[in-house]
Amino acid sequence: MTSQNPSTRRRYAVAGLGHRSHMYVDAILGDHADVAELVAFCEPNRGRAAVYTDLAAERGRPGVPTYAPADLEQMITAEHVDTLIVTTPDATHADLVARALRAGADVVVEKPLTTTAQGCRTITDAVAETGRSVVMTFNYRYAPRNSELRRVIASGEIGEVTSVHFEWVLDSVHGADYFRRWHRLKDVSGGLLVHKSSHHFDLVSWWIADAPTRVYARGGLKVYGDTSPVAREMAERDAAAGLPPRPARGTGSADGTRGWEGRAGDRWALDLRADERLKALYLDAEHHDGYVRDQDVFSAGITIEDNLALLVDYERGATLTYSLNAHGPWEGYRVSVNGTKGRAELEVVERGSVELDERGRSILDPSANPGAWEGDDVRPFGDRLVVQKHWRRAREVPIPAGIGGHGGGDAILLQDVFRAPVEGPRHDPLGRAAGYLDGVRAVAVGISGNASLVSGQPVDVADLGLGVSISVPPPAPSLDPAGATA
């Protein structure tokens, strides 16, 4: 990456000022302020822009200008932007990334890279034309538990990978949230197969150093939406209690204790007034663009699935069986990797149950309420990686402690985002830094899966016309379990 400005600090602009962008803004103004400078925002909503300009001023960076998306090129030129960080809704990524590259900036983009095959072609064409850098922020690669599984596989301890089973469970707090905001519309988010599962498909390609070739998918909307059995049961119960139909949104009583429309303790509802940050970013700003953040998860108009199952073939012969459930009673994932010499199993519990606070509201952040999960011996919070070779006893692989969100991966990711050498990513035997080709591989599975859901048939990734080869080079020399090359 080459800088446009002669100082030692790279100049960053952030496009899209929702909740996720806070991590990057905070990093630029905080831990990485010695190498990064915040010079502009790109955001159409004046309310959200004001939240972030006020935040920047409080952190010692007053007067950060805000540009409209239509003025992206002008912003990059006028503010001498070296790198644009893209945290906008998924369907807008391809256009913004390509325009920024052609305007002379490198790009850091939140997953997913894009939502369609055409979006992949748009970005790959711009990369080929400009030669500029696109960094994907696949933070789950940096979580120590996922890094350790990568190390085990790369060491050759379990031999050549033959199959992977990957089950991800989103609970009824986190999972439900995708069905009340813009993610509920497939033409905006690509559905959970693209928006959420691109994390998981990237992990698999990275773990086994391979690329997907064929995808068969099944799934549907089975719990959320206005026609599900859950919605019908609640409608019948509400009618018997003399309550009106469910309102279109969840924000209700000022203190959040009674839900809304008289429904005491409605655990499916989100009251934006109960969270100061969500209130400022969305409730107080919605009059600028009409975006409603707290739609009812049992309302009409949802076009994404909440239950998904995939069968994915990879170039060198491995097969992935994958499932995603967005309404579980707990949250976490299980991965089993079968090899010619043995098997590795990773189990992660991110939240053992959905607990309620003193007001009857679901607790969103376990780290903010650590006592809520104490005493759960059946499904305790934590992770465990077990490896077993043929004719051997199983051994547990120690997992180092992480720092920050996403399983301890965010803080390490930000080091690579803001402190990568000018000539490119630093040497990492695990290859955690991700570029746009990794992003294309990840969304290729989800895009193929969405096509398979429509046709009912398997889809060959090659038929998507992604505009670039996604084959993975042969693996580097093996790593032993301690990290040394074999």
Between R273 and V468, with labels modelled 7 Å along Cα→Cβ, what's the label distance in nm to one decimal, could you check? 4.8 nm
What does the accessible area of D187 come to, in Å² to the nearest 10, when a probe of 1.4 Å is used? 130 Å²
Most to least packed among 390-397, 335-342 [average Cβ atoms within 10 Å]: 335-342, 390-397
Within the accessible area of the chain (1.4 Å probe), percent carbon and sulfur: 52 percent
Run the paramagnetic zone check for S163: 7 angstrom along Cα to Cβ, then residues of segment 308-335 with backbone nitrogen under 15 Å. 310-314, 317-323, 335
Tell me, how many Å apart are the Cα centres for segment 424-453 and for segment 106-150? 6 Å
How much accessible area does F179 have with a 1.4 Å probe, in Å² rounded to the nearest 10? 0 Å²
1.4 Å probe accessible area per residue over the chain, in Å²: 42 Å²
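Once you list every other residue whose beta carbon is under 11 Å from the beta carbon of V81, what net charge do they have if Lys and Arg are +1 and Asp and Glu are -1?
Details: positive: R10, R11; negative: E37, E73, E79, D82, D106.
Residues near V81 contribute -3 overall.
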So how much slack lies between E355 and R395, counting 0.36 nm per residue of separation and subtracting their Cα-Cα distance, in nm? 11.1 nm
Nearby lysines by direct alpha-carbon distance to K111 (threshold 16 angstrom, same-chain neighbours under 8 apart not counted): K186, K196
How much length, in nm to one decimal, is gained on full extension between R102 and V386, taken as 0.36 nm per residue of separation minus their Cα-Cα distance? 97.6 nm
For R426, solvent-accessible area (1.4 Å; no DNA, RNA or ligand), Å²: 100 Å²
Between the alpha carbon centres of segment 301-344 and segment 163-237 the gap in Å comes to 11 Å
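The values are calculated or read from the model by the stated rules, or taken from the named source; none is laboratory data. What you see is a predicted model; the values in this text were computed from it and never measured. All Cβ positions, even for glycine, are placed from backbone atoms using ideal geometry, and neighbour counts span all protein chains on display. To get the accessible areas, we keep the full protein, side chains included, count just its heavy atoms, and leave off ligands, DNA and RNA. Shrake-Rupley method; radii C 1.70, N 1.55, O 1.52, S 1.80 Å.
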